[in-house]
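J.: Sharing a structure here in structure tokens format.
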Amino acid sequence: MTLIREAAAPATTTVSVLGTPRLLAGVVEGGRVDLAHHRALHGDLVLRRRTWLSGALHDVNLLGRGGAAFPVAAKLDAMPLGRVNIVVNGSEGEPASRKDRVLMTCAPHLVIDGAVVAAHALGARDVTIVIHDAAAHESVRLAALERSDVAGMRIVRTHDGFVGGEIRSVINGLNGAAAIPGGRRTLPHVRGVGGAPSFASNVETFAHLALVALLGVDGYARTGSTAEPGTSLLTLIGDVATPGVVEVPNGVPLGMLFAGQPDAPVLIGGYHGTWVRGVAGLVVERASLRAAGSPLGAGVIARPYAGTCVLDEVVRVSRWLASESSGQCGPCFFGLPALSDDMAALAVGAGTDRLASLTRRVNLVRGRGACAHPDGSVQFISSAVRTLGDELETHARHGSCGRPASTVLPLPAGGS
């Protein structure tokens, strides 16, 4: 276990591994891995042809790590021949997530390796890495200076917020437009940076691309589950066994990450995630969690401490989600503030009429936004209402539960 100091000191992030490290090899023991140490751990970079890489990604069922869990092989196969480019999304606008910035800060060469592998397979000349965090940006910039295989690579610092981290927002920002998703759902492989098709994914996804190319199918599949080989980075928050960023083999039971409180409320997936009552029967597999109604999303898993008011925390985050609207559609601009007002009223004892209002608004907002932000926010709010029924009843009866507010979910400076 090690502590990683972030740009906004005095904050630190604990980094640990369950099992044998891959993404975090060398990090837990010594912090940031430079190029010489990286090559000693992983060997020389292995470049693969497009057909080999596509088949390998199919075989290991690599799913994107940015939240949508889209099959990476399908994304690669959708790329046309000709002028294409690579976009590595390290913006990590999710306030609760630390996994991507830890990866970029401590293992930047694995991310760059994945970008080079993708560029070689697709014949792409241009690679853009977009990073929000200052320490992560500096680490990747210094890593690029150590290498001779990054011609055509640019490392861009972005300052955009939660919605600005969505890949269409990132591409619009790189193209000189406002860093918002835009109403038309044009996918990057159709039109990306500079109007050219772009192979775009999250930084952790690119690190896995490097490992697949290096290890081959059999080597990569030696850890993890049959359904989803490999490992995942998770950000664990609150009443968990080891708070911080942890690398785990896919397929491990979520219960291994906790101790006690089997029926306590747990947030899976971050601020566009789902509240559930306990984690019995759930495992770290994206398809399995999606089927259970709790997608892994940004890889955030949070459990408030016993004896605190989770409802107050839901209100606080709901208000922040409403404030993050890009203002381009009514369901987001009007709907999310109204939903956060409903949650705030329920927290101070409003009864069934206000609950009915919230339910009606959820149905009006869901599926009607110009981007994923309204749907994700609705998922966070509506799942909290389902999961916190006893707490809602107590607040309705007494105006509060009398417990101190939970404060495990972080918000940016100046957030509600």
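The values are calculated or read from the model by the stated rules, or taken from the named source; none is laboratory data. On a predicted model such as this, the values are computed, not experimentally measured, just so you know. Every residue, glycine among them, receives a Cβ derived from its backbone with ideal geometry; neighbour counts consider all protein chains shown.
J.: Scan 43, 30, 64 and give me the residue that is surrounded by fewer than 19 Cβ atoms within 10 Å (Cβ to Cβ) and in contact (Cβ under 8 Å) with a residue 60 or more places away in the chain.
T.: 43
J.: Hey, among 92, 166, which residue is closer than 28 Å to residue 13 by Cα and touching a Lys or Arg at 6+ places or on another chain (Cβ under 9 Å)?
T.: 92
J.: Scan segment 371-381 and give yes if some residue there is at pLDDT 95 or above, among the aliphatic types (A, V, I, L, M) and either under 24 Å from residue 292 (Cα atoms) or in contact with an Asp or Glu (Cβ under 9 Å, 6 or more places away or on another chain) (or both), otherwise no.
T.: There is at least one residue in segment 371-381 that is at pLDDT 95 or above, among the aliphatic types (A, V, I, L, M) and either under 24 Å from residue 292 (Cα atoms) or in contact with an Asp or Glu (Cβ under 9 Å, 6 or more places away or on another chain) (or both).
J.: Inspect all residues belonging to segment 185-198 and state whether any of them is closer than 16 Å to residue 373 by Cα and either outside the structural domain of residue 330 (by TED's automatic domain parsing) or touching a residue at least 60 places away in the same chain (Cβ under 8 Å) (or both).
T.: Among the residues of segment 185-198, at least one is closer than 16 Å to residue 373 by Cα and either outside the structural domain of residue 330 (by TED's automatic domain parsing) or touching a residue at least 60 places away in the same chain (Cβ under 8 Å) (or both), which makes the answer yes.
J.: Are there any pairs, at least 6 apart or on different chains, whose C-beta atoms fall under 8 Å, with the first in segment 137-164 and closer than 17 Å to residue 33 by Cβ and the second polar (S, T, N, Q) and in a helix (DSSP H, G or I), and if so, which?
T.: Final answer for the pair search is 139/105.
J.: Can you tell me which condition residue 14 does not meet? The list is (1) in contact with a Cys (Cβ under 7 Å, 6 or more places away or on another chain); (2) farther than 25 Å from residue 219 by Cβ, and all the others hold.
T.: The one condition residue 14 does not meet is (1).
J.: Let me ask something else about it. Restricting attention to segment 396-416, does a residue exist that is of a type outside the set (A, V, I, L, M) and under 14 Å from residue 275 (Cβ atoms)?
T.: yes
J.: Ok, one more. Name the residue that is nearest to residue 348 (Cα to Cα), counting only residues in segment 298-328 that are in contact with a His (Cβ under 9 Å, 6 or more places away or on another chain) and not hydroxyl-bearing (Ser, Thr, Tyr).
T.: Going through the qualifying residues, I end up with 311.
J.: Kindly check whether there is at least one residue in segment 142-151 that is more than 14 Å from residue 90 (Cα to Cα), among the aliphatic types (A, V, I, L, M), within 19 Å of the chain's Cα centre (by Cα) and assigned to a loop (DSSP other than H, G, I, E, B).
T.: no
J.: So is residue 33 of a type in the set (Val, Ile, Thr), at pLDDT 95 or above and over 30 Å from residue 375 (Cα atoms) or not?
T.: So residue 33 fits the description; yes.
J.: Hey, could you check segment 386-395 for residues that are touching a residue at least 40 places away in the same chain (Cβ under 8 Å) and part of a helix (DSSP H, G or I) and say which is surrounded by the fewest Cβ atoms within 10 Å (Cβ to Cβ)?
T.: 386
J.: Within segment 309-334, count every residue that is small (Gly, Ala, Ser) and assigned to a helix (DSSP H, G or I).
T.: Adding up the residues that qualify gives 4.
J.: Give the residue, chosen from 114, 55, that is assigned to a helix (DSSP H, G or I), of a type outside the set (Asp, Glu) and either over 25 Å from the mean Cα position of the chain (by Cα) or not assigned by TED's automatic domain parsing to the domain that holds residue 179 (or both).
T.: 55
J.: Does segment 345-360 include one or more residues that are in contact with a Phe, Trp or Tyr (Cβ under 8 Å, 6 or more places away or on another chain) and more than 24 Å from residue 166 (Cβ to Cβ)?
T.: no
J.: To continue, here is another question. Is it true that residue 77 is surrounded by fewer than 23 Cβ atoms within 10 Å (Cβ to Cβ) and either of a type outside the set (D, E, K, R) or assigned to a helix (DSSP H, G or I) (or both)?
T.: yes
J.: For segment 284-293, what are the residues that are touching a residue at least 60 places away in the same chain (Cβ under 8 Å) and either of a type in the set (Gly, Ala, Ser) or within 16 Å of residue 384 (Cα to Cα) (or both)?
T.: Scanning segment 284-293 gives 287, 288.
J.: Please tell me if residue 230 is surrounded by fewer than 18 Cβ atoms within 10 Å (Cβ to Cβ), under 18 Å from residue 19 (Cα atoms) and either at pLDDT 95 or above or of a type in the set (Phe, Trp, Tyr) (or both).
T.: Answer is no for this residue.
J.: I need every pair where a residue in segment 261-283 that is within 18 Å of residue 411 (Cα to Cα) has its Cβ under 8 Å from the Cβ of a residue that is aliphatic (A, V, I, L, M) and at pLDDT below 90, sequence separation at least 6 or different chains.
T.: These pairs meet every condition: 272/372.
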